[in-house]
Amino acid sequence: MNKKSLFGMLLCLLFFPWSAGAQSTVIDSLNVIISNPDAARHERIAAICQKANILTIQKRFAEALLLVGKAKELNEKDDEPSGALIYSTLSSIYAGQDSLGPAFAAMDSAQWYASQTDDKLTKGLVLNKKAWFESYLENTDKAYEYRLEALRMLEGLHEQQAAYVRSNIYHHLAAAEGHWRRPEKQLKFASLCLSEALNSNDADAISNAYLSMGISFLYRYRKDTSQKTLLDSAMHYTKKVLTFSHANESRVTIPGTIGIASLNLANLYHEFYPVSYQDSANVYLEKALQIGRKTGNMEVVGNSYGIMSEYALKEGSTDLAENLLLSALSEISSSTEKAPRMKSRIVNALARVAEKQGDDTKALAYYKQYMTLDKELFDEEKFSSAQKLEAQYQSEKKEMALSAANQEAAFTRKLNRYYLVFMIAGFMALFFLFRSYRFKLKAAHQRQLLLASEKNEAQLQASLKAEETARLQAERKLMQERLDRLEKELLAGTLQTEEKNTLLKALREQLTSLDSNDPLHQKINRLMSKNNEVDKSYQDIRAEFTEIHPDFIAGLQQKAENGLTRLDLKYCSYILMGLTNKEIAVKLNIAPKSIRMARYRIKQKLKLTEEESLDTFIDNLAAKPTDKGHLR
């Protein structure tokens, strides 16, 4: 598993089902407020929305929708802050159901209600929710701007709820800075997140802030590994998540944060500490597994098994590593969460373990399964991207329509005032003259509106065409990246087969010295016959590579006037795969010096100058368009 990307992935996984005890305590207190007819209407609505959010986290969407309907009935006077809270909650429910269209429609309604009130806390809450939707659409820059705007809106508010919202905003800002590899700013926002969380006195916010601090120090340590105090700080704050959560067990309602912290601690021991710390890592891995299974978070479960398998490989136990990965795959497959990306990563890891076991047949089977899962993941991501683009388009279209309607309404109000003045002046002086003028002004206004409408329609069509072009280009780029990866994997398999056949040929020559009746002679012959059958089935894969990239070898020979040997072509293929001289020397079991001499000899045959790079020449040759019309 990829250790360094683990923390970046976990940083975003913060909201999971609550523990049963915490749920019961919180829901009971909310039910008391909801059922109390003497409680203020806005307090009952707030309690209903909070309970609906809990049910949404539990994926009990039907019950949550019924509660929101009850909140709408209570909001009979159409109070703007309550309306913003209701529709913000409704957007979360629809988003949890992957109903992006209704989710964005509800978000638009929440924004409209927020625009009608002067309550800064309500405006800040809605802006933060809008930023979440932009992050979901992968508009990181836009989400960043919304969060900064939300912070400006919450300035000067000292209540605990405002501090809680600011803590959440600073957490996401820290995550964005970590994504952009700016650890200094990431730590700054993580510190502000912790400060606001302490002011809010919310146990979940404080746990989350400690986790954010630990990850921030880890990012700084990765940037400068000479400062061991940064690693110590990462360990300290990540452990504080567990100690604080244990001390405030009745107040902490999101056990997913504890699971992530446990997994992060295990990964810290695995990545930066000797193998002798494996027992410490295992303690946290067991806790992460327990919480991951309880909350249905298959990312935590899969990564926990992944770290265990890495430890098994360090001990040289490939069988144990394989069994652990198979257990992870079994648990994920039996869960309600699809987790195609995690399953793909696990199968890929199984293929690498099979290679270390020397079982090429099993490795090939795992790679085939990996390719199938990778295709499913690609199709799912393509469908998700299409949904996001459609939802984004509808949202922006509504924003434009709302803006145009507001402008038109303001203009109409202003124009009506002018009409009133003209009417009064007309009745006082030249009524008939000003009446004629009013008709002309109205006609000019209608023409202006018609021209503006036509211009907006043209702009909208141009925008739609540009978005469609961008979508097609993105899909073409994804397909081309997949094709490039397939080419290199096929090339690697071809070269590996050729190396194996060379070794078998030498073995066959040595075999002639043995007596044909010797049992060892017969056994080796059977093994070599079986290998020939495997090679025969592999010819289809080699033929596929030749079909995908037919001009590469021909282009090399044409440039060298057919002066390249089979070994030279093999060197060029390894260079195309991106291997270094040292890696090529290890594969061919020769000295690196021989590789440098071979590269010099190939450059001479290709008539390259000393200033020209052999690697650049090979990459450019492979990137040339083929006769079939597709581009690399």
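The values are calculated or read from the model by the stated rules, or taken from the named source; none is laboratory data. Everything numeric here is computed off the predicted structure, so don't read it as measured data. Here Cβ is always computed from backbone atoms with ideal geometry, including for glycine, and neighbour counts include all displayed protein chains. Remember, those area values only see protein heavy atoms, side chains included, never the ligands or the DNA or RNA. Shrake-Rupley method; radii C 1.70, N 1.55, O 1.52, S 1.80 Å.
Quick rundown of the values:
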| quantity | calculated |
| --- | --- |
| Long pairs among Lys356/Lys593; Lys130/Lys465; Lys51/Lys72, criterion Cα-Cα beyond 23 Å | Lys356/Lys593; Lys130/Lys465 |
| With all protein chains modelled, accessible area of Arg182 [1.4 Å, Å²] | 90 |
| Global form of the stretch 187-338, assessed from the alpha-carbon gyration tensor, a/c cut-off 1.5 | oblate |
| Rounded percent of accessible protein surface that carbon and sulfur make up, the stretch 159-293, 1.4 Å probe | 48 |
| Accessible area of Trp112 in the full protein assembly, 1.4 Å probe (Å², nearest 10) | 110 |
| Loop sites in the stretch 314-372: GluC sites (Glu not before Pro), DSSP, at most 12 other Cβ within 10 Å | Glu315, Glu337 |
| Charge dipole (debye, nearest 20) of the stretch 231-380; +1 at Cβ of Lys and Arg, -1 at Cβ of Asp and Glu | 360 |
| Mean-position separation - Cα centroids, the stretch 57-102 and the stretch 285-358, in angstrom | 37 |
| Estimated FRET transfer efficiency (Lys368, Arg566; beta-carbon r; R0 35 Å; 0.05) | 0.75 |
| Top positive-direction residue, dipole computed over the stretch 54-189 with Cβ charges, set Ser92, Leu65, Ile169 | Ile169 |
| Distance between modelled label sites at Tyr418 and Asn36, nm, 7 Å Cα→Cβ extension | 5.6 |
| Largest to smallest accessible area among His270, His158 [probe 1.4 Å] | His158, His270 |
| List Arg41, Arg566, Arg166, ordered by accessible area with a 1.4 Å probe, largest first | Arg566, Arg41, Arg166 |
| Sequence of His172, His179 when ordered by accessible area, the most exposed leading, probe 1.4 angstrom | His179, His172 |
| The stretch 195-282 - charge dipole about Cα centre, Lys and Arg +1 at Cβ, Asp and Glu -1, debye rounded to 20 | 220 |
| Rounded to the nearest 10 Å², the accessible area of Lys414 at probe 1.4 Å | 100 |
| Cβ charges +1 (Lys, Arg) and -1 (Asp, Glu), total dipole of the stretch 546-622, debye | 460 |
| Between the stretch 407-473 and the stretch 553-612, the alpha-carbon center distance in angstrom | 72 |
